[in-house]
Amino acid sequence: MALVTQLLGLHWGWMALGVALAIAEIVAPGYFLIWLAAAALLTGLVAATMPVGLEGEIILFVVLCALALAAGRRWVLRHPVASADPLLNDRGGQIIGQSVVVTHVIEGGPEGGMGRVRHGDTEWLARGPDAQPGTRMRVTGADGTVLLVEHLH
């Protein structure tokens with residue numbers, strides 16, 4: 001009976017956990033679960049080859065998780081994923097360099113005043129030098145939802 005228990009020991013549970021975590025990483029990628037899967041698989045290998053007991057396996061799994069997550073974090077920081085469109089969620093950043101038309105007067109002093117401009121079918125708050133409605137201006141930057149504009153030269 002002891003041999004059957006040893007052959008069907010907890011290492012299969014660790015292996016199954018590792019495979020399940022790896023599958024979960026494939027289904028919902030996030031560069032996190034794969035490191036836990038690696039820790040579970042290594043714990044299963046150690047449990048299959050050495051008699052460490054359940055407490056030892058749990059401690060080993062926790063230590064391997066911490067090491068794997070630290071190594072994974074380091075790897076991800078060294079190998080960042082480049083976005084095909086880094087400005088995808090930055091609407092203001094997407095129109096830097098393009099021209100806009102003032103719709104509500106921009107006034108407010110030497111640092112630049114506040115007003116409204118239109119780009120396409122969208123109206124934006126804008127900060128820049130004084131300008132009257134109908135004036136064409138260029139977008140030089142974005143500060144949150146406020147476009148920074150300057151006169152066309």
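The values are calculated or read from the model by the stated rules, or taken from the named source; none is laboratory data. Predicted model, so just to flag it, every value in this text is computed and none were measured. Cβ atoms come from the backbone with ideal geometry, glycine included; neighbour counts cover every protein chain shown.
Consider the stretch 52-111 and keep the residues that are modelled with pLDDT under 90 and in contact with a Phe, Trp or Tyr (Cβ under 6 Å, 6 or more places away or on another chain). The one that is nearest to Leu17 (Cα to Cα) is Gly72. So which residues in the stretch 48-60 are over 14 Å from Trp12 (Cα atoms) and buried (at least 17 other Cβ atoms within 10 Å of the Cβ), if there are any at all? The answer is Leu60, and nothing else.
The residues listed here are Leu125, Leu152, Leu147; of these, the one that is in contact with a strand residue (DSSP E or B) (Cβ under 9 Å, 6 or more places away or on another chain) and free of Cβ contacts under 8 Å to residues at least 24 places away in the same chain is Leu125. Consider Leu125 carefully, then state whether it is assigned to a strand (DSSP E or B) and under 18 Å from Leu87 (Cα atoms). Criteria not met by Leu125. Of the residues that make up the stretch 31-47, is at least one more than 16 Å from Gly13 (Cβ to Cβ), in contact with a helix residue (DSSP H, G or I) (Cβ under 6 Å, 6 or more places away or on another chain) and in contact (Cβ under 8 Å) with a residue 40 or more places away in the chain? Scanning the stretch 31-47 turns up at least one residue that is more than 16 Å from Gly13 (Cβ to Cβ), in contact with a helix residue (DSSP H, G or I) (Cβ under 6 Å, 6 or more places away or on another chain) and in contact (Cβ under 8 Å) with a residue 40 or more places away in the chain. With respect to being closer than 30 Å to Leu10 by Cβ and either surrounded by 12 or more Cβ atoms within 10 Å (Cβ to Cβ) or free of Cβ contacts under 8 Å to residues at least 12 places away in the same chain (or both), Leu67 fits the description.
Remark: Ile96 matches the filter, which requires a residue to be assigned by TED's automatic domain parsing to the domain that holds Arg136, of a type outside the set (Ser, Thr, Tyr), under 30 Å from Met137 (Cβ atoms) and not in a strand (DSSP E or B). Taken over the stretch 81-95, residues that are out of contact with any Gly (no Cβ under 6 Å at 6 or more places or on another chain), surrounded by 12 or more Cβ atoms within 10 Å (Cβ to Cβ) and not charged (D, E, K, R) amount to 4. Based on this model, can you work out whether Ala126 counts as among the hydrophobic types (A, V, I, L, M, F, W, C), surrounded by 14 or more Cβ atoms within 10 Å (Cβ to Cβ), at pLDDT 85 or above and assigned by TED's automatic domain parsing to the domain that holds Leu17? Against the criterion (among the hydrophobic types (A, V, I, L, M, F, W, C), surrounded by 14 or more Cβ atoms within 10 Å (Cβ to Cβ), at pLDDT 85 or above and assigned by TED's automatic domain parsing to the domain that holds Leu17), Ala126 does not qualify.
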